[in-house]
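Just below is one structure, and these are the notes that go with it.
The values are calculated or read from the model by the stated rules, or taken from the named source; none is laboratory data. Since we're looking at a predicted model, the values are computed, not measured. We place every Cβ from the backbone using ideal geometry, glycine too, and count neighbours over all the protein chains shown.
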Amino acid sequence: MSGNAIERLKERLGELLVGARLTLDVPEDTKRGVWWLDVGYHGQHVAVEWKPGHDAFGVSRVTEVTGIGEISDERLPSLEAAAQRVTKLLRP
């Protein structure tokens, strides 16, 4: 795996959730800005937030009613923890 942490998370989720829609929103300032990964799978949607220099990932379930909030619903301490949590939230 290459790339930064959220690029590696995108790759990992592609392996775990075959057929998922994975969209990476790259900030203008790639060294300090917030990166977003939108994950859609079987009608469910999760947004993952990451900022360079931070090991943790913010994970939020997104629905038509809730949308994306000001802060993440959960903070996960590692790439693998985030991958497992997103997978659990999205699997039917």
**Complete:** Log entry, pairs with first residue in region 7-33 being closer than 22 Å to residue 43 by Cβ, second being of a type in the set (A, V, I, L, M) and part of a loop (DSSP other than H, G, I, E, B), beta carbons closer than 9 Å, six or more apart or on different chains, reads 12/1; 13/20; 14/20; 25/34
**Prompt:** Taking the stated definitions as given, is residue 48 outside any loop (DSSP other than H, G, I, E, B), among the hydrophobic types (A, V, I, L, M, F, W, C), farther than 14 Å from residue 5 by Cα and at pLDDT 95 or above?
**Reply:** no
**Message:** If I filter region 77-89 down to residues being within 14 Å of residue 61 (Cα to Cα) and out of contact with any helix residue (DSSP H, G or I) (no Cβ under 9 Å at 6 or more places or on another chain), which single residue comes out as surrounded by the fewest Cβ atoms within 10 Å (Cβ to Cβ)?
**Reply:** 88
**Prompt:** Among the residues of region 17-43, which ones are surrounded by fewer than 15 Cβ atoms within 10 Å (Cβ to Cβ) and either small (Gly, Ala, Ser) or over 13 Å from the mean Cα position of the chain (by Cα) (or both)?
**Reply:** 18, 19, 27, 28, 29, 30, 31, 32, 33, 42, 43
